[in-house]
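Beneath this line is the structure, given in structure tokens, with notes to follow.
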Amino acid sequence: MQDYAENDNHVQPIGIGHVNIYLIKTDIGYILVDTGMPNSNKKLDATFKEFSTDPRSVQLIILTHGHLDHVGSTAYAQQITGAKVMCQRSFAKALSAGKIEPAHPQNFIGRVLQLMTGILGSAVLRFKRS
């Protein structure tokens, strides 16, 4: 087993707005975990530029769950990377139709975010289902 310090593979957390996405470097390319809010195109482009990473080197996009702040720019990320998208079976069909999972608010801020999700939910663009 290779020592982590000597291993070129790593996980890079990236803040884009109020959410994090992750770029994971592997021996065969990159994995992008989550895509951020809708219209994060410029932020995604800047991320790839900042880390000197060709978007086409992303082999897989993993979506942790179907909330707007995690899947909002999936269509754009898939377009620039050409990567396949992996997500839970329970929301794959809805997400490919441009829908998101509803949020379950726990407090006032959650209720405000739920309202925003309902307003912005239609902004999630469809991605190609693989």
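Things to note:
- Among the residues of the range 54-113, the ones that are closer than 21 Å to Gly17 by Cα and of a type in the set (A, V, I, L, M, F, W, C) come to 14 in all.
- Taking every residue in the range 23-50 that is over 14 Å from Gln78 (Cβ atoms) and pairing it with any residue that is among the charged types (D, E, K, R) and not in a strand (DSSP E or B), at least 6 positions away or on another chain, the pairs with Cβ-Cβ distances below 6 Å are Met37/Asp69.
- Odd one out for Met1, checked against (1) assigned to a loop (DSSP other than H, G, I, E, B); (2) of a type in the set (A, V, I, L, M); (3) at pLDDT 90 or above: (3)
- Residue within the range 65-74 that is of a type in the set (Gly, Ala, Ser) and over 16 Å from Met37 (Cβ atoms) present: no
The values are calculated or read from the model by the stated rules, or taken from the named source; none is laboratory data. Here the structure is a predicted model, which means the values were calculated and not measured. Neighbour counts are summed over all protein chains in view; Cβ atoms, including those assigned to glycine, are modelled from backbone coordinates with ideal geometry.
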